[in-house]
Amino acid sequence: MDAYLIAIAIITAIYVLLALGLNLQYGLTGIVNFGHVGFFCVGAYTTAILSEHGVPLVVSFPLAAVLAMAFAWPLGLVSIRLREDYFAIVSLGFSEVVRLVATSERWLTNGVQGIAGIPKLFAGWLTGPAQSYAVLGLLVAFNALAILAMLRIVRSPFGRMIEAIRDNEEAVKALGKDPAGFKIQVLVLGAALAGLAGAVYAHYIGYISPEQFLPLITFQIWMAIIMGGVGRISGALVGAGILMLFLEGSRFLRDVMPFISEVSMASVRLGVVGLALILFTMYRPQGLMGDFTRK
Amino acid sequence: MSGFLELAISGLMSGLVIGLAALALTLVFGVARFANAATGDFMTCGAYAALLGFGATGSMVVGGAVGLAAGALVGMVSYLLVFRTLEGRPSVSALLASIGIGFVIRAVLGVVYGHGQQVFQLPLVRPWRVYDLRIQPNDLKIGITALVALLVVFLVLHATPIGRRMRAVADDPMLARVSGIAPRQVMLALWALSGAVAALAGVLLGIKTVVSPEMGWEMLIPVFAAAVLGGIGHPVGAILAGVLLGVLQEIATPYVGFTYKLALAFVILLAVLLVRPKGLFGRVEGVR
Amino acid sequence: MTLAIQGLTKAYGGLHVVNDVRFEVPSGALVGVIGPNGAGKSTLFSLITGFLAADAGDVSFEGRSLGRASPMERARAGMVRTFQVPREFSHLTVRENLLAAAPGQSGERLIDTFFRPGRVKAEEAAIAREAAETIDFLRLAKVADVPAGRLSGGQKKLVELGRALMTGARMILLDEPFAGVNPVLIEELSVRIRELNGRGIGFLIIEHDLAALNKLVSTLHVMDRGVLIASGAPAEVLGNPRVRDAYLGGAAA
């Protein structure tokens, strides 16, 4: 049971990292990123492929974040000036193309079979529960760093400007400041967090394949931040917790009601995420915990 | 040469499907001012409903009619339950909600029908030979159906009072309201029309390929690309761009491979947004 | 000449919304543009500030041609606009709205935020003093730390003016500053504008509310159906029969 709880905590912490990135992008800056899972995927595959070729984790981990950033930057350059709904679809398309490449370029990614046997973190030094604790510790450290950095950003003139951009982009232009430059930086930062999350995920699960990086993941994170509180750093924590409760809860439901097939359960989960997106945007866009105006 | 022509004809068929769906997307976008990400799932609804109708009667005409009716219904219900409430909110709200609606549709279809693929059991017909060109009679029927549907949509838009009011709302929602157009009715008709057109695209796609819960969602990027290429809010543009995209995808397949069809649509989408964001015929700018 | 508008033209589907408009705003002047609804005033404004691309014509400011420049470049050149419907940063406080407008902040660069906090802090203190002065000047002290989204329409217009001041603009373009503002605040706003003008800031004001404007400006331009039909001192322009016909006649009807 203990091991189970740690496993849950680890996955939740990975979701927190993803949610922090998306909340920085959407909640604070107003960037409608529908392709978050694409950066997660890039991070996971980067470190998995590098590890296959014997590159040590201390190198492959940072490179996972860097490569995710390297994908975000050109995407931002070409499309961040678009209307927000156009950007949303373009970013969705980006994440699907990433998945397509992971599926098709077998020489690099092993295609639909995916990459197995990705080395566990701290495998050389620790085993059993200690190893899991160490992974959790690492994730907590990553999250703490990310939160500290975001707090610093929120309280800086940069943070003020991105919130101004979220509130009214035209007015920012009228003051002589270019929203695009700020938004690209934010897109890249959020991608770095997603890439990092992907790297931890790959090494923790030990196996990755394209079907783990469906757009559903992106919208689960959207659900998390909308429920947790858009534009609030705590919203990422609350939202990731809710998301985990929901995902694990649905697994328990299947233990209780084994007549529901796993395939049907996947559909039910999809439907619940969909319903949550609909109902929250309609009735409670400020999330469960209240508006971001009250910081 | 004939191989190339056959590819082009096949592209024309899938292009008509993309074009119809893009028409459904652009109709809503032009008036309600957001990209309905559930357009693809409306297609899927139409295809499954058509399967039901076809299975019950054995007639593809009845099947198609059931599909269209289902699409129109799903469109209207989406509007009444969700999008009506979100009018006047930032377009992100409606966009997110439309993603949610798509998820719900896929979930329901997944639970009811499972994730397997189904097909329309249409009798196989020997292709016609025109010189050394092979033409599938079914392709011809799909093409004719699509063209007739287009004609009907344009008649609705240009020759009926409700269509004229739709176009008035699209041109200037404020002015339309001032001049006493009841937006409710117009919007309801619009969503019905958009849903039916999407459903038809789904039925045709189902006949050409297979029916599965994901079939429409997977078309979203090409469909959006066609709507943007044609110029958002421009029905003729959507169709022409859809056909263009379909033909390009088909012709490119031997070079880029089957799997990268979607990537090609994505690249075209990016290129259009960069070079000519208002599309070939558009009025609404994609850049702020 | 500070601001020169040189034959700006914009047409939509053959209809000229703005047609070959040309006039000049000398540095430090207070100039108004009036016209009935649909005369093309707001379009003209967007053409001057670069929010719309002109079909023809040019804009020059302090001798620099800006006809092809982006809205951001035009603002940085010292020519800043406000909006007819206020575009406040609704979740930021009034103070933060003003702070955000200050140009050239190194704290807006992430590198400096993380690695040169001392410099950012010092700059921020200087900007904060300037913002506090501006807030006092605009009589916004009571609401200084209230999210701007909660202010009244008139107060929001003051916030927009405050932001324009914080940019250090030498020419401020006000888009219907008096529309939807109560008479007391209109008087207040007029006094501030006059005072700022006394400090050498030029104003170009688009207005529908004639009464408030003609007391304020030294020169008035009248637009009708996309063209300039009269220019001159307010009293003289308002006596012009063509203006009466186009504007007053239209307004009375």
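Taking the options C:Leu165, C:Leu174, name whichever one is within 13 Å of chain A (Cβ to nearest Cβ), assigned to a strand (DSSP E or B) and touching a Phe, Trp or Tyr at 6+ places or on another chain (Cβ under 9 Å). Full working, then the answer.
Numbers: C:Leu165 fails: assigned to a strand (DSSP E or B).
Result of the check over C:Leu165, C:Leu174: C:Leu174.
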- Message: I'd like the full set of residues that are in contact with a Pro (Cβ under 9 Å, 6 or more places away or on another chain) and part of a helix (DSSP H, G or I), limited to the range C:125-153.
- Response: C:Ile127, C:Ala148, C:Gly153
- Out of A:Ala197, A:Ala174, A:Ala224, A:Ala192, report the one residue that is within 16 Å of the chain's Cα centre (by Cα), over 24 Å from A:Val66 (Cβ atoms) and modelled with pLDDT of 95 or more. A:Ala224
- Query: Among the numbered criteria (1) closer than 25 Å to A:Ser156 by Cα; (2) more than 13 Å from the chain's Cα centre (by Cα); (3) away from chain B (no Cβ under 14 Å), which single criterion is violated by A:Ala65?
  - Reply: (2)
- Task: Could you please tell me which pairs satisfy a Cβ distance under 6 Å, a separation of 6+ or placement on different chains, a first residue in the range C:229-248 that is assigned by TED's automatic domain parsing to the domain that holds C:Leu210, and a second residue that is of a type in the set (D, E, K, R)?
- Result: C:Ile229/C:Arg242; C:Ala246/C:Asp224
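Could you list, in sequence order, the residues of the range A:13-35 that are within 13 Å of another protein chain (Cβ to nearest Cβ) and either in a loop (DSSP other than H, G, I, E, B) or not aliphatic (A, V, I, L, M) (or both)? So that I can check it myself, show each step before the final result.
Going residue by residue through the range A:13-35, those that are within 13 Å of another protein chain (Cβ to nearest Cβ) are A:22, A:24-35.
Of everything in the range A:13-35, those that are within 13 Å of another protein chain (Cβ to nearest Cβ) and either in a loop (DSSP other than H, G, I, E, B) or not aliphatic (A, V, I, L, M) (or both) turn out to be A:Gln25, A:Tyr26, A:Gly27, A:Thr29, A:Gly30, A:Ile31, A:Val32, A:Asn33, A:Phe34, A:Gly35.
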- Task: From C:Gly28, C:Gly32, grab the single residue that is assigned to a loop (DSSP other than H, G, I, E, B) and under 25 Å from C:Ala164 (Cβ atoms).
- Result: C:Gly28
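For the range B:83-99, give me each residue that is in contact (Cβ under 8 Å) with a residue 24 or more places away in the chain, at the interface with another protein chain (Cβ under 7 Å from one of its Cβ atoms) and within 19 Å of the chain's Cα centre (by Cα).
Going through the range B:83-99, the residues in contact (Cβ under 8 Å) with a residue 24 or more places away in the chain turn out to be B:83-84, B:87, B:91, B:94-95, B:98-99.
Cutting the leftovers down to at the interface with another protein chain (Cβ under 7 Å from one of its Cβ atoms) gives us B:91, B:95, B:99.
Within the range B:83-99, B:Leu95, B:Ile99 meet the criteria.
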- Scan of the range A:69-101 for residues that are touching a strand residue (DSSP E or B) at 6+ places or on another chain (Cβ under 9 Å) and more than 19 Å from B:Met219 (Cβ to Cβ), ordered by number: A:Arg81, A:Leu82, A:Arg83
- Sort through B:Val77, B:Val104, B:Val62 and tell me the only one that's assigned to a helix (DSSP H, G or I) and more than 14 Å from chain A (Cβ to nearest Cβ). B:Val62
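Quick one: which of A:Val42, A:Val58, A:Val66 is free of Cβ contacts under 8 Å to residues at least 12 places away in the same chain, part of a helix (DSSP H, G or I) and not polar (S, T, N, Q)?
Values: A:Val42 fails: free of Cβ contacts under 8 Å to residues at least 12 places away in the same chain; A:Val66 fails: free of Cβ contacts under 8 Å to residues at least 12 places away in the same chain.
None of the others qualify; the one that does is A:Val58.
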- Message: Scan the range C:176-194 and tell me whether some residue there is surrounded by 21 or more Cβ atoms within 10 Å (Cβ to Cβ), more than 18 Å from C:Val18 (Cα to Cα), over 18 Å from the mean Cα position of the chain (by Cα) and β-branched (Val, Ile, Thr).
- Response: no
- Kindly provide the set of residues from the range A:109-135 that are part of a helix (DSSP H, G or I), away from every other protein chain (no Cβ under 14 Å) and among the hydrophobic types (A, V, I, L, M, F, W, C), ordered by number. A:Ala130, A:Ala134, A:Val135
- Item | Residue check, C:Asp145 within 19 Å of the chain's Cα centre (by Cα), surrounded by fewer than 17 Cβ atoms within 10 Å (Cβ to Cβ) and more than 12 Å from chain A (Cβ to nearest Cβ) | no
- Item | Qualifying residues in the range A:277-287 (those that are in contact (Cβ under 8 Å) with a residue 24 or more places away in the chain and at the interface with chain B (Cβ under 7 Å from one of its Cβ atoms)) - the one surrounded by the fewest Cβ atoms within 10 Å (Cβ to Cβ) | A:Pro285
- Task: From (1) under 30 Å from B:Val108 (Cα atoms); (2) at pLDDT below 95; (3) surrounded by 16 or more Cβ atoms within 10 Å (Cβ to Cβ); (4) not aliphatic (A, V, I, L, M), pick out the condition that doesn't hold for A:Gly274.
- Result: (2)
- Keeping to the range B:232-275, report how many residues are farther than 16 Å from B:Ala21 by Cβ, at pLDDT 85 or above and not hydrophobic (A, V, I, L, M, F, W, C). 2
- Message: Looking at (1) within 10 Å of another protein chain (Cβ to nearest Cβ); (2) closer than 18 Å to B:Val17 by Cα; (3) assigned to a helix (DSSP H, G or I), which one does B:Pro213 not meet, given that it meets all the others?
- Response: (3)
- Leading residue by the ranking (modelled with the lowest pLDDT) among those in the range C:89-122 that are more than 7 Å from chain A (Cβ to nearest Cβ) and under 20 Å from C:Ala164 (Cβ atoms): C:Gly104
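For every residue, the table says whether it meets (1) among the small types (Gly, Ala, Ser); (2) surrounded by fewer than 16 Cβ atoms within 10 Å (Cβ to Cβ).
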| site | (1), (2) |
| --- | --- |
| B:Arg164 | no, yes |
| B:Asp172 | no, yes |
| B:Gly202 | yes, no |
| B:Val210 | no, yes |
| B:Glu250 | no, no |
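The values are calculated or read from the model by the stated rules, or taken from the named source; none is laboratory data. Keep in mind the model is a prediction, meaning the values are calculated, not measured. All Cβ positions, glycine included, derive from the backbone under ideal geometry; neighbour counts span all protein chains shown.
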